[in-house]
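Notes follow the structure.
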Amino acid sequence: MFTKIKIKPSFFVVAAFCIKAGIFGYFLTVFALVLLHEFCHIFTAMLWDIKTSRITITPIGIYADMENLEYLHITKRIIIALSGPAFNLSMCLFHGGILRQTNLAIALFNLLPLYPLDGGKIFHYITSYFIGVLRGNIIAVKLSISLSIMLICAGLVELILCPPNLSLLCLGIYFYRLNKANTINLTYTFYKTVINKNDNKIMPVRSIAASEKMDIKAVLYRLGWDYYTLVYVRHKNGISPLTEETILRHIMSNGIKGDLGSVKC
């Protein structure tokens, strides 16, 4: 099912702190619930033959790296993302007290539009579908960084009011650092997916019209995982269609500088 399990050293630091603080039992409970949450993602993805290449265990949760998830239809990706929070919410129906509160907290926290939490992934999928993947990447990262800064500010308040509680502050710093580096990773995923689109499935076609003076970069930002884009270029002699492949071949040979008039059919 997966080939590698990676445990961050900081996980053991947090575990040791919980032992010293006398809350190791609660730590194990949260860890077990988060583990089951992540296995729901993994098993749901397996329904569509998506394999998990690695599981990473961190102090704030568990993350599964899934291969070629972007090739699935947006609806299936959203179902996979929702399967984890759905598990925790379902547990709230069968348990009470601290266990119900913990499951509810895990579900609601993961539904925040903060990448790479489940809510952040869903937000990214939806924005990318409607406005293009690269533009969706930018919005998702900016929103995640803004929410990370809000967590840091809330953590500073928490530290003043409830010393020495550093939970929110550490979360904010972790997500801030992660999302500062996320733009490159998301852009790489975009190029890999768009260039190697699966020819074995039917895809909707989106047609856009643009002046030959429009920057190639502006068109590139409108390409997506879930649809095929056909560009109609307006010029003096009429309209010329450009396919995704033509635009991408031009970009790979000449870069993204220039306008659509420089792209040869």
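Where a number appears in this text, it was derived from the coordinates with a stated rule and is not lab data. Since the model is a prediction, treat every value here as computed from it, not as a measurement. Here the Cβ is made from the backbone with ideal geometry for all residues, glycine too, and neighbour counts use every protein chain on show.
Need one number: % antiparallel among DSSP beta bridges in the stretch 205-262, to the nearest 5. Antiparallel bridges make up about 50 percent of those DSSP assigns within the stretch 205-262.
Compared with the alpha-carbon gap, the fully stretched path from ARG177 to PHE130 is longer by 14.2 nm at 0.36 nm per residue.
Each of VAL233, VAL157, ALA107 was scored by the projection of its Cα onto the charge dipole of the chain, and the greatest displacement toward the positive side belongs to VAL233; charges sit on the C-beta of Lys, Arg, Asp and Glu. The residues ASP215, ASP259, when put in order of fewest to most other Cβ atoms within 10 Å, stand as ASP215, ASP259.
Across all Cα pairs in the chain, the calculated P(r) in 10 Å bins from zero up to the longest distance comes to 6, 24, 31, 19, 12, 6, 2, 0 percent per bin. Reported value for the stretch 12-66: 53 Å³ per residue, from the convex hull of its C-alpha atoms. Helical runs (DSSP H, four residues minimum) scored at -39500 (n - 2.57) apiece and divided by the length of the chain put the mean residue ellipticity at 222 nm at -19500 deg cm²/dmol. Dividing the Cα radius of gyration of the stretch 205-262 by 2.2 N^0.38 Å, with N the residue count, gives 1.03. Annotation note: trypsin sites (Lys or Arg not before Pro) in the stretch 152-248 located in DSSP loop regions with a Cβ neighbour count of at most 14 within 10 Å are LYS201, LYS213, LYS236. The residue among ILE216, MET252, VAL205 whose Cα reaches farthest toward the positive pole of the charge dipole of the stretch 205-262, with charges on the beta-carbon of Lys, Arg, Asp and Glu, is ILE216. Its Cα centre serving as origin, the chain has a Cβ charge dipole (Lys and Arg +1, Asp and Glu -1) of approximately 480 debye. Relative to the globular-protein estimate of 2.2 N^0.38 Å, the Cα radius of gyration of the stretch 40-154 stands at 1.12. Each listed q (0.28 Å⁻¹) maps to a log10 I(q)/I(0) for the stretch 131-196, found by the Debye formula over equal Cα scatterers with no solvent: -1.06.
Only the Cβ atoms of Lys and Arg (+1) and of Asp and Glu (-1) were treated as charged; on that basis the dipole of the stretch 116-265 about its Cα centre amounts to roughly 400 debye. Counting charges near TYR129 (Lys, Arg +1; Asp, Glu -1) among other residues having Cβ under 12 Å from its Cβ returns a value of +2. About its Cα centre, the dipole of the stretch 205-262 is roughly 180 debye, where the only charges are +1 on Lys and Arg Cβ and -1 on Asp and Glu Cβ. Here the stretch 96-170 and the stretch 55-81 have alpha carbon centers that stand 16 Å from each other. Spin-label pair LYS201-GLU158: with each label point 7 Å from Cα along the Cα-Cβ axis, the two points sit 3.7 nm from one another.
The DSSP beta bridges internal to the chain are antiparallel in roughly 55% of cases.
Here's the picture: charge each Lys and Arg Cβ at +1 and each Asp and Glu Cβ at -1 in the stretch 1-145, and of ILE78, PHE31, SER10 the one pushed furthest to the positive end of that dipole is SER10.
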